[in-house]
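First comes the structure, then the notes that go with it.
The values are calculated or read from the model by the stated rules, or taken from the named source; none is laboratory data. Treat the numbers as computed from the prediction; the structure is a model and nothing was measured. Positions of Cβ are backbone-derived with ideal geometry, glycine not excepted, and every protein chain shown enters the neighbour counts.
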2 protein chains.
Amino acid sequence: MDRPPIWLRPERAARGPRPAHSRAEIAAAAVRVADAEGLTAVSMRRIATELATGTTSLYRYVDGKDELFDLMVDHAMGDGRPPAPTGDWRADLTAVAHEQRALMLRHPWLVRLPATRPVLGPNTLAWLEATYAAVDVPGLDADEVLAQAATLLTFVRGHALEEIAELEAARGDQAAMSDWLAKQAQYGERVIGSGDYPHLSRMMLEAETPHAADRFDRLFERSLGHVLDGLAAHRS
Amino acid sequence: MDRPPIWLRPERAARGPRPAHSRAEIAAAAVRVADAEGLTAVSMRRIATELATGTTSLYRYVDGKDELFDLMVDHAMGDGRPPAPTGDWRADLTAVAHEQRALMLRHPWLVRLPATRPVLGPNTLAWLEATYAAVDVPGLDADEVLAQAATLLTFVRGHALEEIAELEAARGDQAAMSDWLAKQAQYGERVIGSGDYPHLSRMMLEAETPHAADRFDRLFERSLGHVLDGLAAHRS
DNA sequence: AGTTTACTGCGCACGCTGTTCGCAGTACGG
DNA sequence: CCGTACTGCGAACAGCGTGCGCAGTAAACT
């Protein structure tokens, strides 16, 4: 059959009965489930039940589970709005970075999904547009704009990925968290004791960041500063 | 039961018969399947069949499928060796970045797995150690070392993620690739025509990078340069 | 040497998954 | 007012991860 991507298909067909649900409705239901119970709870049957419809009816709206994921990603991207541009590129990019990170932390499943395929829904495009708008100034080469925006977005996504991976390893639960930290400490001792990782050991022993409660906030702030400094070197 | 993480468990138990397989053997089989047929082909039954053993025997080696994935990740990380340090931090980090990217492109499933949980096997640690070694110089604050290494690795992972997502959307196949590009172009026209995305449109029309065959190589090179410039600002 | 103990391999079974097919019902275009 | 192109959906299929319990085996202890 090989249908075109969902963003090119009209939501309502020319002929036939009016569909019982909208794409937004379906996406919202799936996002709700994923937020509350994790990505694994999102199954075709489950979302259909959530919408009080038959399981296979979903396939009238979506070409398969991957497209349901596409809808979810773009819907979640609409949860936060790109900040209005102020004209100060550094402030604007900082705002984009913080908003994007917050958005991903609010929907932890988000960083794992677009790994499969690029999603190009309207909300995702709006974020892209906002990032380009912040980077773009008259006289700056288009390829340079592209590279700078990619550098920032790529960094933010990568950071959120690792942050969320660690958060989920501790399962968010406080008891599980300290359990996990204890296991980490035990493993850390073995790593240091082995003598194979001198620099790693120095970091474990000397760095303060890993022990702070807000370590990811601090690390993000610092690393983001580095990235922006790198961009600054290539603008006027 | 709540067993400790696999890296803390001895491979061979004190008592009982000698296990028929080694962890390395299992990891290698799973990596082989994932490389050849994709992550979805990696199932407990499939790997067991590959090892000519019973399906549930695998559970004697691994606490569940997630731990099988852990083994795979660390095994794949051993596919490339961290480059030997030369003393030039910028050259060393560039080498690490290129090697890591190449490694992830060789095992495209790799970027998707650690999203779930942090993997801390010996090969992964070796890479971390090499990165710290490149960044670390006497007199540099440990927290600064941590931040700089995180910035680089995070960026590389993020870049590989997007690169692989696009590669897989085209399914590697040449015919499917041009099909996909045609769809993209069609969508691009609509995006430009809508007038909602002026900067995005400018990029599509003016930038050269997106149309080049080696666009990801170029983008990576340029963005990596930006990141390294950012780090340079915080050293001596 | 004999016994105890802790392990290994593994068949069975359960509940779940994504997706294809075909059929009855419905609203719009001509 | 008919034909056509759609919608909703139940049944069915192949495949998934994994808990349970049992027989066999090798090391440790007496």
- Message: With the requirement that a residue be more than 8 Å from chain A (Cβ to nearest Cβ) and at pLDDT 95 or above, what does segment B:132-143 give you?
- Response: B:Ala134, B:Val135
- Mind checking which residues of segment B:1-47 are within 22 Å of B:Ala76 (Cβ to Cβ) and loosely packed, with under 11 Cβ neighbours inside 10 Å? B:Glu11, B:Ala36, B:Thr40
- Condition check for B:Arg46: of a type outside the set (A, V, I, L, M) and either without any contact (Cβ under 8 Å) to a residue 24 or more places away in the chain or within 16 Å of DNA strand C (Cβ to nearest atom) (or both): yes
- Note on the structure: Of the candidates B:Thr55, B:Thr49, the one satisfying the condition of being away from chain A (no Cβ under 14 Å), in contact with a Lys or Arg (Cβ under 8 Å, 6 or more places away or on another chain), within 12 Å of DNA strand D (Cβ to nearest atom) and of a type outside the set (A, V, I, L, M, F, W, C) is B:Thr55
- Return the total of residues in segment A:17-41 being free of Cβ contacts under 8 Å to residues at least 40 places away in the same chain and under 14 Å from A:Trp109 (Cα atoms). 6
- Item | Residue tally, condition more than 10 Å from DNA strand C (Cβ to nearest atom) and within 14 Å of chain B (Cβ to nearest Cβ), over segment A:61-76 | 3
- Query: Which of the residues that make up segment A:137-159 are charged (D, E, K, R) and surrounded by fewer than 22 Cβ atoms within 10 Å (Cβ to Cβ)?
  - Reply: A:Asp141, A:Asp143, A:Glu144
- Just name the residue that is nearest to B:Asn123 (Cα to Cα) out of those in segment B:6-16 that are within 14 Å of chain A (Cβ to nearest Cβ) and without any contact (Cβ under 8 Å) to a residue 12 or more places away in the chain. B:Leu8
- Going through (1) more than 7 Å from chain A (Cβ to nearest Cβ); (2) surrounded by 19 or more Cβ atoms within 10 Å (Cβ to Cβ); (3) within 17 Å of the chain's Cα centre (by Cα) one by one, B:Ala126 fails only at (2)
- How many residues does segment A:205-236 hold that are part of a helix (DSSP H, G or I), of a type in the set (Gly, Ala, Ser) and free of Cβ contacts under 8 Å to residues at least 60 places away in the same chain? 1
- Message: Checking the conditions here, which among B:Leu58, B:Leu93, B:Leu105 is touching a residue at least 12 places away in the same chain (Cβ under 8 Å), within 16 Å of DNA strand C (Cβ to nearest atom) and part of a helix (DSSP H, G or I)?
- Response: B:Leu58
- Every listed condition ((1) over 16 Å from A:Val119 (Cβ atoms); (2) assigned to a helix (DSSP H, G or I); (3) within 14 Å of chain B (Cβ to nearest Cβ)) holds for A:Arg3 save (2)
- Which of the residues that make up segment B:179-236 are among the aromatic types (Phe, Trp, Tyr) and either surrounded by fewer than 13 Cβ atoms within 10 Å (Cβ to Cβ) or farther than 27 Å from B:Gln100 by Cβ (or both)? B:Tyr187, B:Tyr197
- Task: Filter segment B:17-44 for residues that are within 18 Å of B:Thr56 (Cα to Cα) and either in a loop (DSSP other than H, G, I, E, B) or within 14 Å of chain A (Cβ to nearest Cβ) (or both) and give the result.
- Result: B:Pro17, B:Arg18, B:Pro19, B:Ala20, B:His21, B:Ser22, B:Val42, B:Ser43
